[in-house]
Amino acid sequence: MEHNLYIYNTLRRKKELFVPIHEDKVGMYVCGPTVYSDVHLGNCRTFISFDLIYRYLIYLGYKVRYVRNITDAGHLEGDRDEGDDKFAKKAKLEQVEPMEIVQKYTNGFHEILNIFNTLPPNIEPTATGHISEQIEIVKKILETGFAYEKSGTIYFDVEKYSKDFQYGILTNRKLEDLLEGTRELGGQDEKKGRLDFALWIKAKPETLMQWPSPWGWGFPGWHLECSAMSSKYLGNTFDIHGGGMDLQATHHTNEIAQSQACFHTAPANYWMHTNMLTVNGVRMSKSAGNGFLPKELFTGSHPLLDKGYSPMTVRFFMAQSHYRSTLDFSNEALQASEKGYSRLMEGYDRLKKLSFSDTSSIETAGLRAKCEEAMNDDFNSPIAISHLFDALRAINLIHDGKETISATDLKELKDVFKLFIEDVLGLKSETETSAGNEAYKKAIELLLNMRLEAKRNKDWATSDKIRNELTALGFEIKDTKDGFEWKI
RNA sequence: GGUUCGUUGACCGAGUGGCUAGGUGCCGGUCUGCAAAACCGUUUACGGCGGUUCGAAUCCGCCACGAACCUCCA
């Protein structure tokens, strides 16, 4: 399979030609959510970005195995390797089982991603479902000497590891610089080095989620599950590992170290990091308190919003910026996307009804190549969309009878619009689903045909009455040269 | 403090040495019974100062401002 896809690889900080390990297959692992609270829009951006990447890889003909985990254990608050994890804390607060917390927010996560029309991953493994695999990895790392035990807790020895490997490879940092930026070890710490992190943490009697291990009862460290599950389902070395940029410095850096120490090979060939969603230039995050919940966005109930925006408007808004750039969230920006999105989709509907002529008077044939070229350049969806808008102009001119298109060109244009709008960008019409059944549509068309008749008779009173009353009911009526268009 | 990245027109957002990105908005026009839509045209750009070059938004240096990471975070 010959492709010209270039991917920006964080490992080397440049775009590289994508060559998968197995010719026509791609293994992709993306760090999923920690399910202890509602996902906010920033979280969604990452998963929507990777959905686009996944969809384009499929478009190119690859057989993709997309693994995205659910972190449901072992994620501690703060950097002290002690105490309960986020799930247990929340469970205590809400007086439920930790697994009820996990289930609740996993359900919510799936619901939201479904609303955003993202494709589900092929495998969605959980940390609690892979405790024994994680224990095996800890054992192996202990054997290789890159980890040590201190009273039931196992730490990864970063300084020892950096003698053989480049620990800060993902962020291009030297060990000395990293050490400089880390706080001094406090008196309570048991670990030897400031950068050392826990692979396995000893449980206290009151710890809610704990499992037996060769080192006593405990629970896995945060980074471990990704090493365990990615290797289990994709192999010790696979093609693409992705996640949000905020995971780069700590989570992914430690993941690489663990996997390297355990399997003696780098886990992934291409590391991809998606950038953050910002509000007034500042990163959206739970801790900053500037997180938008998707629900608040759809209904417009968030104080910073003037109105609600539909899920597809938001998806389109995100696709209009590149995944490696920060994207700033504002009313004005969303309104611009809402208008642009509806114009694009109306043009797409118009395209489906277009009739052809003997020849084409306008050039549309190069669209597929242009869109592919854009997407091949590190998934540059904003450029692909700009080409679709250029084609939209042609569609409208043909629709107005000012240009013509041949049967061959029309079929190609329809195919390309379908492929890129629906399959790659993952956009779907939001009007059709609510438009209901055929009889209902026919009834509306009956009314509009009566209006057309009235217009022919210059009976403006009847004509305007039909239009105004339909408009009042929420319909949008547009007159065209020889008829009408409508939507709700 | 260290590391890294960014600063593009009214707003969002691509672009890495010469070629109108695109979207939204504004203004004018065509069309229309009116409106909407559509189409055409127009408008405001590359943070500042130097340097390299025939030519720089794009490369280099300095400065200013902002952000991210270094601590849980998609």
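Data for the structure
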{"quantity": "Failed item, numbered, when A:T364 is tested on (1) at pLDDT 90 or above; (2) open to solvent by less than 30 Å² (accessible area, probe 1.4 Å); (3) closer than 29 Å to A:H3 by Cβ", "calculated": "(1)"}
{"quantity": "Flag for A:S337 being of a type in the set (G, A, S), open to solvent by less than 10 Å² (accessible area, probe 1.4 Å) and at pLDDT below 95", "calculated": "yes"}
{"quantity": "Exclusive hit being outside any helix (DSSP H, G or I), more than 25 Å from A:Y6 (Cα to Cα) and among the acidic types (D, E), set A:E206, A:E225", "calculated": "A:E206"}
{"quantity": "Identity of the residue in the stretch A:226-257, acidic (D, E) and crowded, with 21+ Cβ neighbours inside 10 Å, that ends up nearest to RNA strand B (Cβ to nearest atom)", "calculated": "A:E255"}
{"quantity": "Pairs where the first residue, in the stretch A:344-361, is more than 15 Å from A:R393 (Cβ to Cβ) and of a type in the set (F, W, Y) and the second is open to solvent by less than 40 Å² (accessible area, probe 1.4 Å) and away from RNA strand B (no atom under 13 Å from the Cβ), C-beta under 8 Å, 6+ apart", "calculated": "A:F356/A:I405; A:F356/A:S406; A:F356/A:D409; A:F356/A:L410"}
{"quantity": "Residue count for the stretch A:258-271, restricted to those that are surrounded by fewer than 24 Cβ atoms within 10 Å (Cβ to Cβ) and either of a type in the set (S, T, Y) or within 14 Å of RNA strand B (Cβ to nearest atom) (or both)", "calculated": "3"}
{"quantity": "Some residue of the stretch A:282-292 being under 21 Å from the mean Cα position of the chain (by Cα), more than 21 Å from A:G108 (Cβ to Cβ), within 11 Å of RNA strand B (Cβ to nearest atom) and not hydrophobic (A, V, I, L, M, F, W, C)", "calculated": "yes"}
{"quantity": "Complete set of residues in the stretch A:395-424 that are in a loop (DSSP other than H, G, I, E, B), of a type outside the set (S, T, Y) and away from RNA strand B (no atom under 13 Å from the Cβ)", "calculated": "A:I405"}
{"quantity": "When residues of the stretch A:279-296 are limited to those that are touching a helix residue (DSSP H, G or I) at 6+ places or on another chain (Cβ under 6 Å) and either open to solvent by 80 Å² or more (accessible area, probe 1.4 Å) or closer than 21 Å to A:N114 by Cβ (or both), the one modelled with the lowest pLDDT", "calculated": "A:F292"}
{"quantity": "Residue that is most open to solvent (accessible area, probe 1.4 Å), among those in the stretch A:368-417 that are among the β-branched types (V, I, T), in contact (Cβ under 8 Å) with a residue 12 or more places away in the chain and under 30 Å from A:D358 (Cβ atoms)", "calculated": "A:T404"}
{"quantity": "Which listed residue, of A:F238, A:F219, is closer than 22 Å to A:R65 by Cα and either free of Cβ contacts under 8 Å to residues at least 40 places away in the same chain or touching a strand residue (DSSP E or B) at 6+ places or on another chain (Cβ under 8 Å) (or both)", "calculated": "A:F238"}
{"quantity": "Filter pass, A:L277 being near RNA strand B (Cβ under 7 Å from one of its atoms), aliphatic (A, V, I, L, M) and more than 30 Å from A:D157 (Cβ to Cβ)", "calculated": "yes"}
{"quantity": "Residues (out of contact with any strand residue (DSSP E or B) (no Cβ under 8 Å at 6 or more places or on another chain) and within 12 Å of RNA strand B (Cβ to nearest atom)) located in the stretch A:1-35", "calculated": "A:R12, A:R13"}
{"quantity": "Selected residue (only one of A:K163, A:K174, A:K150, A:K139 is over 27 Å from A:M272 (Cβ atoms), without any contact (Cβ under 8 Å) to a residue 40 or more places away in the chain and assigned by TED's automatic domain parsing to the domain that holds A:T265)", "calculated": "A:K163"}
{"quantity": "Scan of the stretch A:16-64 for residues that are under 22 Å from A:I131 (Cα atoms) and in contact (Cβ under 8 Å) with a residue 60 or more places away in the chain, ordered by number", "calculated": "A:M28, A:Y29, A:V30, A:C31, A:G32, A:P33, A:V35, A:Y36"}
{"quantity": "Selection from the stretch A:443-467 of residues that are surrounded by 11 or more Cβ atoms within 10 Å (Cβ to Cβ), of a type outside the set (A, V, I, L, M, F, W, C) and assigned to a helix (DSSP H, G or I)", "calculated": "A:E445, A:N449, A:R451, A:E453, A:K455, A:T462, A:S463, A:D464, A:K465, A:R467"}
{"quantity": "Helices (runs of 4 or more DSSP H) lying entirely in the stretch A:124-186 (those with 3 or more residues that are away from RNA strand B (no atom under 16 Å from the Cβ))", "calculated": "A:131-144, A:158-164"}
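The values are calculated or read from the model by the stated rules, or taken from the named source; none is laboratory data. Everything quoted here is computed from the prediction, not taken from an experiment. When we count neighbours, we look across all protein chains shown, and the Cβ atoms used for this are built from the backbone with ideal geometry, even at glycine. Ligands, DNA and RNA are stripped out before the accessible areas are found, and what is left, the full protein with its side chains, is counted by its heavy atoms. Shrake-Rupley method; radii C 1.70, N 1.55, O 1.52, S 1.80 Å.
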